[in-house]
1. Hey, got a sec? Which GluC sites (Glu not before Pro) in segment 1-80 land in a DSSP loop and have at most 12 other Cβ atoms within 10 Å?
2. Under 9 Å from the Cβ of V24, count the other residues' Cβ atoms, weight Lys and Arg +1, Asp and Glu -1, and hand me the total.
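None of the figures in this text is laboratory data; all of them are computed from the coordinates on show. Everything numeric here is computed off the predicted structure, so don't read it as measured data. Virtual Cβ from ideal backbone geometry, glycine too; neighbours counted across all protein chains shown.
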Amino acid sequence: MLERVWTAEHRNSPWAKAAIKNVVTTFGGDSEASAAPLRKAFEIDHLMQHGHEELNPMAREAARLARLDPEFVRDLYIAAFAWQETSDDQTFLFQSRLTGFLSNRAQDYTDTGARARHGQDQNRETVDVRAR
């Protein structure tokens, strides 16, 4: 499904995020097969266009993914911290007719880095517990 969303003529951002979440959720079944399509999000051209919304679902699960595929999470960190989003183009955190919360691409991307750092801290705690 993720490939179909990424290659669609008209991009549907909520579907892209949902497809990424689905792949991340099932990552434990076959980490190599799951990581392969997700790595497209790390390609610089794709990252520049969609990183502000697509890295976040992966960063949220960084601690769990690191136990399954540490190299994938390493590459996620490299991608997240190598690109600096500066666009202030408006994005929606939550779309609703009653209350809509707005953000911008740079804030969304910064939030991804914060989530990745939080996952890194959780990993450190996991490693510390295992070492005891």
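1. E9, E43
2. Details: positive: K21, R60, R64; negative: E61.
Local charge sum for V24: +2.
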